[in-house]
1. Consider PRO185 against the criteria (1) farther than 21 Å from ILE92 by Cβ; (2) modelled with pLDDT of 90 or more; (3) open to solvent by less than 70 Å² (accessible area, probe 1.4 Å): it satisfies all of them except one. Which criterion is unmet?
2. Pairs only if they're at least six apart or on different chains, beta carbon under 7 angstrom, first in the range 115-132 and closer than 14 Å to VAL10 by Cα, second surrounded by fewer than 17 Cβ atoms within 10 Å (Cβ to Cβ); list them, first residue then second.
3. Checking the condition closer than 30 Å to LEU4 by Cβ and of a type in the set (Lys, Arg), which residue from LYS159, LYS109, LYS74 passes?
4. Select from the range 2-19 the residues that are in a loop (DSSP other than H, G, I, E, B) and small (Gly, Ala, Ser) and write down the one among them that is surrounded by the most Cβ atoms within 10 Å (Cβ to Cβ).
5. Select, from ILE83, ILE128, ILE102, ILE87, the only residue that is open to solvent by less than 10 Å² (accessible area, probe 1.4 Å) and more than 18 Å from the chain's Cα centre (by Cα).
6. Given the options VAL99, VAL107, VAL69, name the one that is within 30 Å of SER260 (Cα to Cα) and either at pLDDT 95 or above or in a helix (DSSP H, G or I) (or both).
7. Taking the range 33-80, which residues are free of Cβ contacts under 8 Å to residues at least 60 places away in the same chain, among the β-branched types (Val, Ile, Thr) and open to solvent by less than 90 Å² (accessible area, probe 1.4 Å)?
8. In the set VAL113, VAL149, VAL122, VAL162, which member is outside any helix (DSSP H, G or I) and among the hydrophobic types (A, V, I, L, M, F, W, C)?
Amino acid sequence: MNVLGKVFVVTGAAGGIGREVVLELLHKGAKVVGIDIDKKGLNETCNEATEICSRFSLLKVDITNEETVMNLPKEIMAKYGQIDGVINIAGIIQKMVDVDSISLDFVHKVMDVNFYGTLHMVKAFLPILKERDEAMIVNVCSMGGFLPVPLQTIYGASKAAVKILTEGLQTELRTTHVHVMNVMPGGVSTNIMDKIGVDSNQLKQSKLAQNYKMLTPEQAAKRIVKNIGRNRKRLVLGTDAKFMDMLYRFSPRLASYTISKMLNFEDYV
């Protein structure tokens, strides 16, 4: 898909990979509707795109609210007259604790944002996307969606659900013009951990970060947008994710042991 002139809806647009995907799409000539619950962050994204902000609309939306999300397509169609792609990036991580220590309330929050938020967006926009001559759904999963990461079990479970949802959609939509891409980043230098009270510097000082250079959000965004143009189905981002993907296919047990050692996860307990 050539993104020039296309209309994309991007969740998680207030920062991190989401913000950079918005900016990259705008620079490539697309029109973008940025969605996030963080209005301040959305405004900051708009400020970074001052020269091309005329093609950027921002909407403060809680993607866990089914009714609100279901009303979005009508609102966006009224302004742009078309919707060509949905890119689901919004997500939250958990604190570095085991399953026994995490509250059920927070478990539900992680699942609501990461899985149900993604599902709400897919259900809301899919009928319109199926009417286009060419359309795209991009779901950003995680290395934690195919590899169990210690003390991130709930986060991993939510992303594994997104992974299977995405792969199921690829099969169900194979005879349509809707392309579906599953993106699985490894370590990306965003502030996602800081937002929940975990010092992200601990991760950056781990053996994993020392052996595999973390991607910047800008690098991740450029690769995502580039591969939208190629209609890729599966995109593994970062040398760490690529290595763990290969190792997990060879030996899940060895991969789990390796990621545990490289993350020094005992430091978080």
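1. (1)
2. Here the result reads HIS120/GLU66; ALA124/MET70, each pair linking the range 115-132 to a residue that is surrounded by fewer than 17 Cβ atoms within 10 Å (Cβ to Cβ).
3. On the way: LYS159 fails: closer than 30 Å to LEU4 by Cβ; LYS109 fails: closer than 30 Å to LEU4 by Cβ.
Answer to the selection: LYS74.
4. First pass over the range 2-19, keeping only residues in a loop (DSSP other than H, G, I, E, B): 2-6, 12-15.
Filter once more, so that each one left must be small (Gly, Ala, Ser): 5, 12-15.
Numbers: GLY5: 12, GLY12: 29, ALA13: 31, ALA14: 23, GLY15: 20.
Filtering the range 2-19 for residues that are in a loop (DSSP other than H, G, I, E, B) and small (Gly, Ala, Ser), the one surrounded by the most Cβ atoms within 10 Å (Cβ to Cβ) comes out as ALA13.
5. Numbers: ILE128 fails: open to solvent by less than 10 Å² (accessible area, probe 1.4 Å); ILE102 fails: open to solvent by less than 10 Å² (accessible area, probe 1.4 Å); ILE87 fails: more than 18 Å from the chain's Cα centre (by Cα).
Checking each option against the conditions leaves just ILE83.
6. Values: VAL99 fails: either at pLDDT 95 or above or in a helix (DSSP H, G or I) (or both); VAL69 fails: within 30 Å of SER260 (Cα to Cα).
Going through VAL99, VAL107, VAL69 in turn, just one is within 30 Å of SER260 (Cα to Cα) and either at pLDDT 95 or above or in a helix (DSSP H, G or I) (or both): VAL107.
7. Filtering the range 33-80 down to residues free of Cβ contacts under 8 Å to residues at least 60 places away in the same chain leaves 33-71, 73-75, 77-79.
Keeping just the survivors that are among the β-branched types (Val, Ile, Thr) gives 33, 35, 37, 45, 50, 52, 61, 63-64, 68-69.
Scanning the range 33-80 gives VAL33, ILE35, THR45, ILE52, VAL61, ILE63, THR64, THR68, VAL69.
8. Numbers: VAL113 fails: outside any helix (DSSP H, G or I); VAL122 fails: outside any helix (DSSP H, G or I); VAL162 fails: outside any helix (DSSP H, G or I).
Checking each option against the conditions leaves just VAL149.
The values are calculated or read from the model by the stated rules, or taken from the named source; none is laboratory data. Bear in mind that the values here come from a model prediction, so they are computed numbers and not experimental data. Neighbour counts run over all protein chains shown; Cβ positions are idealised from the backbone, glycine included. Note: areas computed on protein heavy atoms with side chains; ligands, DNA, RNA excluded. Shrake-Rupley method; radii C 1.70, N 1.55, O 1.52, S 1.80 Å.
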